[in-house]
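Just below is one structure, and these are the notes that go with it.
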Amino acid sequence: MEKAKIVILGGGMVAGYAAKQLVELGLPAGDLLIVSADDEVPYERPPLSKGFLAGKDTRESIRINPAEFYREHGIEIRLGYEIEGVESAAKRLHGKRGGEIGFEKLVIATGANPRSLNVPGAKLAGIRYLRSLNDSARIREHADRARQAAVIGGGFIGMEVAAVLAQKGIDTTLILRSGRVFDQLFTPEMSHFFENYYTAHGVKLERNASVESFGGDGAVQSVRLAGGRAIPADLVVAGIGVEPAAGFLASSGIALSDGVVVNEFLETNQAGIYAAGDVASYQDVLFGKRRRVEHWDNAVSQGQHCARVLMGDRQPFRHVPYFFSDVFDLSYEFWGDSSGADQVVPRGDISTNSFSVWWLRGQQLVAAFVMNRPEDERTAAPQWIESKRTVAGRQLADTSHGL
């Protein structure tokens, strides 16, 4: 049986950034093995719905580390290798096609899998989901010949994909289950701004829509909504959420609940086993709650933190949740957790493309959205959330001076 001192299970962003951090911290060559079901060395995920999908980035340009980085530092990567089970006490991984890998320490970073549609016609060619580099490449290739596209889902993935397809000149419809875009994050006023922006850029919106079936002979030709309305589409991209990729751990003894349960040090309930990234349900020490985050910054930060813990620096993971998005010519950032906020304060004019929104609980800042605003707002947002700074809503609303 092959053995390694440290095994990272999953070849995504956690693996890429943890490997880089471990090298910087002096991990000896030969101590790290990355086991990945993917067939690519670790790469950045955000370009899959942005620059790579648009054709601006290449496979090589979105790699976290060049392929030679791993060879030069004695890091083995096992690509296309799926694991079907983990023996926690014996510290052993079982390969789906046979074979075993032993470990001293294990980082579970298997990410998440996209939810799929279960309606008539859902298996037709041309219905796509976006998670991997190959998924994005297939959508990009299909988009080159598509005339009409439907994007299902009004979250950040759906919004980003719809923007890219529309900019390719494809007649694009964004299908929303709710009455407005990104209602889990945006205020109604923010949704209204983005809906107007999308409409002005040629994207049609279908609100409060439920997909009933797909039509087509072998390949998708339409999306039929509840009520009978049909949307013509020869390309469909569904972004309806993801599920943590943790099913293979069912008999491992590792605690599971909406992913792999870890403490504030990213440790599971099994000695020497950690989890990070989309699959990890961690204890957020800033907000005093358990959460699982499916964004780039969390995977980067937890990968780096795991590396430090593995090298003996056992500190709690303390981090302000963060993500960014690019749609058309707009870029915005979001920090914190707006749930439970009792006051929402805008700065700037939400009818323009330069505004910020600040969420308060009591007088404590808990979340902030910033788009095309002065640098002091970008700087203040994460600092104030982490420090639990109190601020008066009227002070935030006053744009006659900076923060």
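The values are calculated or read from the model by the stated rules, or taken from the named source; none is laboratory data. No experiment lies behind these values; they were computed from the predicted model shown. Reconstructed Cβ throughout: ideal geometry from the backbone, glycine too, with neighbour counts over all protein chains shown. Quick note on the areas: whole protein, heavy atoms, side chains included, nothing else; ligands and nucleic acids left out. Shrake-Rupley method; radii C 1.70, N 1.55, O 1.52, S 1.80 Å.
Odds and ends about this structure:
- Residue selected from region 310-336 under the condition of a type in the set (Phe, Trp, Tyr) and assigned to a loop (DSSP other than H, G, I, E, B), by the criterion surrounded by the fewest Cβ atoms within 10 Å (Cβ to Cβ): Phe328
- Of all residues in region 177-217 being touching a Leu at 6+ places or on another chain (Cβ under 8 Å) and aliphatic (A, V, I, L, M), the one that is farthest from Val344 (Cα to Cα): Val211
- Residue match in region 289-305 (condition: modelled with pLDDT of 95 or more, under 27 Å from Ile6 (Cβ atoms), among the aromatic types (Phe, Trp, Tyr) and in a loop (DSSP other than H, G, I, E, B)): no
- For region 6-18, filtering for residues that are under 16 Å from Lys105 (Cβ atoms) and touching a Gly at 6+ places or on another chain (Cβ under 8 Å) leaves 4.
- If you go through region 214-231 and keep only what is surrounded by 14 or more Cβ atoms within 10 Å (Cβ to Cβ), more than 18 Å from Ser178 (Cα to Cα) and not hydrophobic (A, V, I, L, M, F, W, C), you end up with Gly215, Gly216, Gln221, Ser222.
- One residue alone among Glu68, Glu2 is of a type in the set (Asp, Glu), out of contact with any Gly (no Cβ under 9 Å at 6 or more places or on another chain) and open to solvent by 10 Å² or more (accessible area, probe 1.4 Å), and that residue is Glu68.
- Where a residue in region 25-52 is within 21 Å of Asp144 (Cα to Cα) and its partner, wherever it lies, is open to solvent by 30 Å² or more (accessible area, probe 1.4 Å) and in a loop (DSSP other than H, G, I, E, B), with Cβ under 7 Å and at least six apart: Pro47/Asp57; Gly51/Asp57
- Unmet criterion (only one of (1) farther than 15 Å from Gly154 by Cβ; (2) open to solvent by 20 Å² or more (accessible area, probe 1.4 Å)) for Leu235: (2)
- From the options Ala37, Ala122, Ala90, residue that is in a loop (DSSP other than H, G, I, E, B), at negative phi and open to solvent by less than 20 Å² (accessible area, probe 1.4 Å): Ala122
- Region 252-280: number of residues that are open to solvent by 40 Å² or more (accessible area, probe 1.4 Å) and either under 19 Å from Ala4 (Cα atoms) or not hydroxyl-bearing (Ser, Thr, Tyr) (or both): 8
- Residue satisfying all of: in region 239-267; charged (D, E, K, R) and assigned to a loop (DSSP other than H, G, I, E, B); nearest to Lys96 (Cα to Cα) among these: Asp258
- Qualifying positions in region 337-348 - open to solvent by 10 Å² or more (accessible area, probe 1.4 Å) and either modelled with pLDDT of 95 or more or not in a strand (DSSP E or B) (or both): Asp337, Ser338, Ser339, Gly340, Ala341, Asp342, Gln343, Val344, Pro346
- Qualifying residue in region 182-203 (condition: crowded, with 18+ Cβ neighbours inside 10 Å and under 17 Å from His142 (Cα atoms)): no
- Scope region 153-166; condition of a type in the set (Val, Ile, Thr), within 24 Å of Ser213 (Cβ to Cβ) and open to solvent by 10 Å² or more (accessible area, probe 1.4 Å); matching residues: Ile157
- Positions within region 71-86 being in a loop (DSSP other than H, G, I, E, B) and either surrounded by 16 or more Cβ atoms within 10 Å (Cβ to Cβ) or touching a Pro at 6+ places or on another chain (Cβ under 8 Å) (or both), in sequence order: His73, Gly74, Ile75, Tyr81
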